[in-house]
1. Could you order the peptides 44-52, 79-87 from most to least packed, using the average number of other C-beta atoms within 10 Å per residue?
2. Hey, rough spin-label estimate for Thr55 and Trp103, points 7 angstrom out along Cα→Cβ, what's it come to in nanometres?
3. When Lys and Arg each count +1 and Asp and Glu each count -1, what net charge do the other residues less than 14 Å away from His39, Cβ to Cβ, add up to?
4. What distance in nm separates the two pseudo spin-label positions at Thr66 and Asn48, each 7 Å out from Cα along the beta-carbon direction?
5. Please list the non-local residues whose amide H lies under 5 Å from the amide H of Asn58, H modeled 1.01 Å from N, same-chain partners needing a gap of 5 or more.
Amino acid sequence: MISLNPIWPLNGTSYASLNLRQIKTGNLAVTYLGSYELHWEVLSMDGNLAEVLMTVKNTSSIQSATRPPVIGYQSWWQNSVGRRLNNAFSTGPMSPTTQTFLWTEFIRW
């Protein structure tokens, strides 16, 4: 499993539309997805070609959608304000949603 956060990537480039380091329009789907887990599985290998199944899963909540920059990532915020928001919107409109993406990649080396 690989955990990724496209807002604060290792290479310093963000593909999200909300970025504190530079003002630009990015990818709203990436912004909505936020941090996520990427799982991969090799489905088949033939010589120097592998077929790899990629699976990304993420659950988004009202806490995530309304998180203020910097302090919203602190545990004290997530365990107080964020938790109260999630409890208030646990069902119905603005309740958590889950996204799952599956795709295959062919990798040649």
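1. On the way: 44-52: 11.1, 79-87: 14.2.
Result, highest mean first: 79-87, 44-52.
2. Roughly 1.8 nm, to one decimal.
3. Working: positive: Lys57; negative: Glu37, Glu41, Glu105.
Cβ neighbours under 14 Å give a net charge of -2.
4. So the label points at Thr66 and Asn48 sit 5.5 nm apart.
5. Close amide H contacts, sequence-distant or interchain: Gln99.
Here, each number is a calculation from the coordinates, and none is a lab measurement. Just so we're clear, the structure is a prediction, and the values are computed from it rather than from any experiment. Cβ sites come from the backbone with ideal geometry, for glycine too, and all protein chains shown count toward neighbours.
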